[in-house]
Amino acid sequence: MTSTDDKALVLFSGGQDSATCLAWALDRFPAVETIGFDYGQRHRVELDVRAPFLTKLRADFPAWDGKLGQDHMVDAGIIGTLSETALTRETEIAMQADGLPNTFVPGRNLLFLTMAATVAYRRGIKHIVTGVCETDYSGYPDCRDDTIKALQLALNLGMDRRFVLHTPLMWIDKAATWDMASDLGGDALVNLINRETHTCYLGDRSRLHPWGYGCGHCPACQLRADGWARFVASDPQTG
């Protein structure tokens with residue numbers, strides 16, 4: 001199937017960043033599909049919130065409902081089998097000797113985007129949207145802009161297509177990510193992302209904070225909490 005300019009595929013994990021990217025895509029493209037990956041992640045509760053979030057997004061934003069198409073779920077368990085990380089094992093989160101946090105899952109984003117491109121190829125989709133970011137990326141090398149540009153070139157050469165990998169969050173921090181959600185969908189979208197997504201690395205959904213659910217201590221929670229605090233400080237009426 002030949003790719004067309006009016007379709008986008010969003011890597012939607014169930015977390016804040018990918019939910020914001022989904023809204024970004026729905027604001028720009030007339031047809032949007034989503035894709036998620038089950039790789040044996042320790043915080044797989046993020047997969048549990050995906051369907052309810054999509055249902056509520058459709059209900060709360062009727063203009064986007066007609067644009068939002070098929071959701072794809074991919075079994076990427078091989079990633080969890082091959083890796084020994086704090087996101088795929090019951091291991092305490094810590095820094096490694098190489099300077100990277102042990103939450104880094106080697107090859108994860110490279111494989112995700114390759115599998116997404118495979119689905120996009122079959123579905124005739126040109127635009128692929130992912131929430132990777134150099135500003136709040138915990139040092140993950142597969143979130144860097146150079147990595148994404150190199151992978152786009154490799155995918156285009158290897159599949160003889162002209163995919164475009166979009167990274168709306170690449171140069172912004174978590175506070176600006178909340179700002180983006182607010183600009184796209186106002187308080188309704190901010191509140192939906194706040195309450196219905198999951199970002200905590202430990203998969204803790206027992207505690208609701210002003211910025212959402214989470215343990216409050218892992219790097220993902222700390223980034224989200226700090227971004228929320230700066231976002232609220234810039235707009236005191238929020239929250």
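When you look at ARG205, is it touching a residue at least 12 places away in the same chain (Cβ under 8 Å) and crowded, with 17+ Cβ neighbours inside 10 Å, yes or no?
For ARG205, the condition - touching a residue at least 12 places away in the same chain (Cβ under 8 Å) and crowded, with 17+ Cβ neighbours inside 10 Å - is met.
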Exercise for review: Would you mention how many residues in the stretch 141-171 are outside any helix (DSSP H, G or I) and either within 14 Å of the chain's Cα centre (by Cα) or closer than 17 Å to VAL232 by Cβ (or both)?
Suggested key: 6
Revision key, fill the gap. Of the conditions (1) in contact with a strand residue (DSSP E or B) (Cβ under 9 Å, 6 or more places away or on another chain); (2) among the charged types (D, E, K, R); (3) surrounded by fewer than 22 Cβ atoms within 10 Å (Cβ to Cβ), the single one that ARG50 does not satisfy is (3)
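Residues checked against (1) more than 16 Å from SER13 (Cα to Cα); (2) polar (S, T, N, Q):
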| site | (1), (2) |
| --- | --- |
| CYS133 | no, no |
| GLY139 | yes, no |
| ARG144 | yes, no |
| LEU157 | yes, no |
| VAL164 | yes, no |
| PRO168 | no, no |
| ASP173 | yes, no |
| LEU184 | yes, no |
| ASN194 | no, yes |
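Does CYS218 meet the test of being in contact with a His (Cβ under 7 Å, 6 or more places away or on another chain) and surrounded by 15 or more Cβ atoms within 10 Å (Cβ to Cβ)?
Numbers: in contact with a His (Cβ under 7 Å, 6 or more places away or on another chain): no; surrounded by 15 or more Cβ atoms within 10 Å (Cβ to Cβ): yes.
Considered against the rule, which asks whether it is in contact with a His (Cβ under 7 Å, 6 or more places away or on another chain) and surrounded by 15 or more Cβ atoms within 10 Å (Cβ to Cβ), CYS218 comes out as no.
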Review point. Counting just the residues of the stretch 108-128 that are of a type in the set (Val, Ile, Thr) and out of contact with any Phe, Trp or Tyr (no Cβ under 7 Å at 6 or more places or on another chain), which one comes out surrounded by the most Cβ atoms within 10 Å (Cβ to Cβ)?
Key: ILE125
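Can you name every residue in the stretch 16-32 that is surrounded by fewer than 22 Cβ atoms within 10 Å (Cβ to Cβ) and either part of a strand (DSSP E or B) or within 11 Å of the chain's Cα centre (by Cα) (or both)?
Applying the first criterion (surrounded by fewer than 22 Cβ atoms within 10 Å (Cβ to Cβ)) to the stretch 16-32 yields 27-31.
Within the stretch 16-32, ALA31 is the sole residue that qualifies.
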Check your understanding: Given (1) touching a Lys or Arg at 6+ places or on another chain (Cβ under 8 Å); (2) modelled with pLDDT of 95 or more, where does GLY216 come up short, assuming only one miss?
Key -> (2)
Review point. Inside the stretch 110-140, can you point out the residues that are under 27 Å from PRO219 (Cα atoms), assigned to a loop (DSSP other than H, G, I, E, B) and not aromatic (Phe, Trp, Tyr)?
Key: THR130, GLY131, VAL132, CYS133, GLU134, THR135, ASP136, SER138, GLY139
Exercise for review: Looking at (1) touching a strand residue (DSSP E or B) at 6+ places or on another chain (Cβ under 6 Å); (2) over 19 Å from LEU165 (Cβ atoms); (3) modelled with pLDDT of 90 or more, find the lone condition where GLY66 falls short.
Suggested key: (1)
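The values are calculated or read from the model by the stated rules, or taken from the named source; none is laboratory data. Only a predicted model underlies this, so the values are computations on that prediction, with no experimental measurement involved. Note: ideal-geometry Cβ built from the backbone for every residue, glycine included; neighbour counts use all protein chains shown.
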